[in-house]
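Chemist: My structure is below; once you've seen it, I'll send some questions.
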Amino acid sequence: MTRVFHRHLRSTPPVAVSAAGMRIYDAAGRSYLDASGGAAVSSLGHGHPDVIAAMHAQIDRLPYAHTSFFTSETAERLADELIRTAPEGMSHVYLVSGGSEAVESALKMARQYFVEIGQPQRTHFIARRQSYHGNTLGALAVGGNEWRRAPFAPILVAATHLAPCYPYREQRADETPEQYGLRLAAELDAAIVAQGADSVIAFVAETVGGATAGVLTPVPGYFKAVREVCDKHGVLLILDEVMCGMGRTGTLYASEQEDVVPDLVTIAKGLGGGYQPIGAVLAQRKIVDAMSKGSGFFQHGHTYLGHPVACAAALAVQNVIHRDGLLEKVRADGRALGAMLRVALGGHPNVGDIRGRGFFWGIELVADRASKRPFAPALKVNATIKKDAMARGLLCYPFGGTVDGVHGDHVLLAPPFIASREDLQEITRLLTASIDAVTQAAS
Ligand code: PLP
């Protein structure tokens, strides 16, 4: 019997009681190797002493102060640190409590920016299919996960959804990756024109697609071309790095690898590493200036903006990442993880694609490799892999199948940055055993 409103109402998950390093332990005494950091959250693993000490010190000094009365030293230090390492031109950081709040805030910032500069007719967002930007209504509106949207579709704000950058399934045989990227950017151009260029607020995209398409890494040149199209029409570019940011792909921001600078970027998950709920929007100076010289106010806000303990945790996470050279480690060990996955699963009859960067990898499962036909959603392949992997003591993040029958089942790996090569080998071994067992039963 449980009184917690769990997402699955007909079953209760195991009770987690403790965690340390790469592992979580449940009340039955079972130990789980965390290969997904929850949902790409636990970048430093569990129980990191530096983060815990920083939180203790903050709670002792100042646990909370509402931002309509005060800012805090800790929030200011975190914002300074985030701006120091931010994409070029970012001037301010809006500190919220998670990813959906960050996306919601970014959408409203973008809208208010145009109101402030005298373009209130801009009311429309353009985003992509098979994307995920959060579960609050604005974030859900720009998200492209049909299953999540369906019950709420009639009450969502207007957004057009274009094709994601998904070479495995959607790049044509007669085009290079670069040509494919340019074709997608041309589709964005056409969609903006069709909508009426002066009515579009922003194009919203995950720099590396995460939870709805299984780690979609963009083709070279795609985002540069997208940036040019946005600039041509005065449309803002909002990059959602809630999942792929904060070092997950081997650079602090995934956009660094695309050589593109967004107008607004959202971060969360790895920002606090799971030690506290925290997210943020980083904004270009022109957006902040428009508001400060205009109404002087961002017409938004939440009770826990800039929460001091969350900021202390995030600051400590950032310090550890830089002090311990974890970005370099993620790049080097990420290449090793990719190689391990390819050796173990590259020839598997039910593995269609293995793709990723850094410590962010997706494995796309198919019933038939030649035709790329997915498994029938009714087989629940991804959910069964999650269950089987947990029984083997492995946490991985599966999705697909029941979400979107056309594009099939995926497994997402996002291990903590502290994972050793032995941990990565163990993750690969256990995951391969699960994929073998479940796909054999489903074939
Ligand atoms: N944006 C992206 C890219 C995400 O992956 C997620 C969560 O998975 C969100 C936004 C929403 O974040 P949260 O679950 O913290 O609200």
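Values quoted throughout were computed directly from the atomic coordinates according to the rules given, and no laboratory measurement underlies them. Please read these numbers as outputs of a predicted model, since none were measured by experiment. Cβ sites come from the backbone with ideal geometry, for glycine too, and all protein chains shown count toward neighbours.
Chemist: Could you tell me the center-to-center distance, by alpha carbons, between region 128-171 and region 25-98 in angstrom?
Modeler: Here the two parts' Cα centres lie 28 Å apart.
Chemist: For region 143-258, divide the Cα radius of gyration by the Kirkwood radius and give the resulting Rg/Rh value with two decimals. List each step's numbers first, then the result.
Modeler: Details: Rg = 14.5 Å, Rh = 15.1 Å.
Ratio value, two decimals: 0.96.
Chemist: Over region 155-273, what relative contact order in percent results from Cα pairs under 8 Å that are six or more residues apart?
Modeler: Details: 163 pairs, mean separation 28.5, N = 119.
Across region 155-273, relative contact order equals 24 percent.
Chemist: Which value, in debye to the nearest 20, describes the size of the charge dipole of the chain about its Cα centre when Lys and Arg Cβ atoms bear +1, Asp and Glu Cβ atoms bear -1, and nothing else is charged? Spell out each step's value before the answer.
Modeler: Details: 42 positive and 43 negative charges, 192 e Å.
The calculation lands at about 920 debye.
Chemist: Hey, another quick one. Two decimals is fine: what is log10 I(q)/I(0) at q = 0.16, 0.23, 0.24 Å⁻¹ for region 302-405, from a Debye sum with one equal scatterer on every Cα and no solvent?
Modeler: -0.88, -1.20, -1.25
Chemist: Something else: Nearest 500 deg cm²/dmol is fine: what mean residue ellipticity at 222 nm does the chain get from its DSSP H runs of n ≥ 4 alone, each adding -39,500 (n - 2.57), divided by its residue count? The partial results should precede the final answer.
Modeler: Working: 14 runs with 170 residues, N = 443.
It lands at -12000 deg cm²/dmol.
Chemist: Of the beta bridges DSSP finds with both residues in region 191-346, what % are antiparallel, to the nearest 5?
Modeler: Numbers: 5 of 13 bridges.
Around 40 percent antiparallel, to the nearest 5.
Chemist: Show me the ranking of peptides 259-271, 308-320, 132-144 by mean Cβ neighbours inside 10 Å, starting with the highest.
Modeler: Details: 259-271: 26.5, 308-320: 24.9, 132-144: 23.1.
Taking the mean over residues of other Cβ atoms within 10 Å, the ranking is 259-271, 308-320, 132-144.
Chemist: Out of the trypsin sites (Lys or Arg not before Pro) in region 168-229, which ones are loop residues according to DSSP with at most 16 other C-beta atoms within 10 Å?
Modeler: On the way: sites: R169, R172, R183, K224, R227; in loops: R172.
Those satisfying the criteria are R172.
Chemist: Right, next: Just rank I418, I52, fewest to most, by other beta-carbon atoms within 10 angstrom.
Modeler: Numbers: I418 19, I52 13.
With the sparsest Cβ surroundings first, the list reads I52, I418.
Chemist: Could you state, as a whole-number percent, how many of the C-alpha pairs of region 46-195 are farther apart than 18 Å?
Modeler: Working: 8128 of 11175 pairs.
Above the 18 Å cut-off, region 46-195 has 73 percent of its Cα pairs.
Chemist: While we're here: If one puts a single equal scatterer on every Cα of region 255-351 and applies the Debye formula without solvent, what log₁₀ I(q)/I(0) results at q = 0.10, 0.12, 0.15 Å⁻¹?
Modeler: Listed by q, the Debye log ratios stand at -0.48, -0.65, -0.88.
Chemist: Follow-up. With N set to the residue count of the chain, report its C-alpha Rg divided by 2.2 N^0.38 Å to two decimal places.
Modeler: On the way: Rg = 21.3 Å, N = 443, 2.2 N^0.38 = 22.3 Å.
The value comes to 0.96.
Chemist: For the peptides 327-339, 246-258, 76-88, 423-435, what is the packing order when you average, over each peptide's residues, the other Cβ atoms within 10 Å and list the highest mean first?
Modeler: Working: 327-339: 17.6, 246-258: 24.5, 76-88: 16.0, 423-435: 19.7.
By packing density, highest mean first, the sequence is 246-258, 423-435, 327-339, 76-88.
Chemist: Provide the percentage of antiparallel DSSP beta bridges, counting only those with both residues in region 134-276; round to the nearest 5.
Modeler: Values: 1 of 9 bridges.
Restricted to region 134-276, the bridges split so that about 10 percent are antiparallel.
Chemist: Now for a different question. Near K372, which lysines are there with a Cα under 21 Å away, not counting those fewer than 8 places off in the same chain?
Modeler: K380
Chemist: Further, regarding this structure: Which lysines have a Cα lying under 26 Å from the Cα of K329, excluding residues fewer than 8 positions away in the same chain?
Modeler: Hits, sequence-local ones excluded: K269.
Chemist: Further, regarding this structure: What relative contact order, as a whole-number percentage, does the chain give when Cα pairs under 8 Å and 6 or more residues apart are counted?
Modeler: Values: 923 pairs, mean separation 95.4, N = 443.
Computed over the chain, the figure is 22 percent.
Chemist: While we're looking at this one, here's another question. Cross-link candidates for K286: which aspartates and glutamates have Cα within less than 12 Å, leaving aside residues fewer than 8 places away along the same chain?
Modeler: Output for K286: E116, D263.
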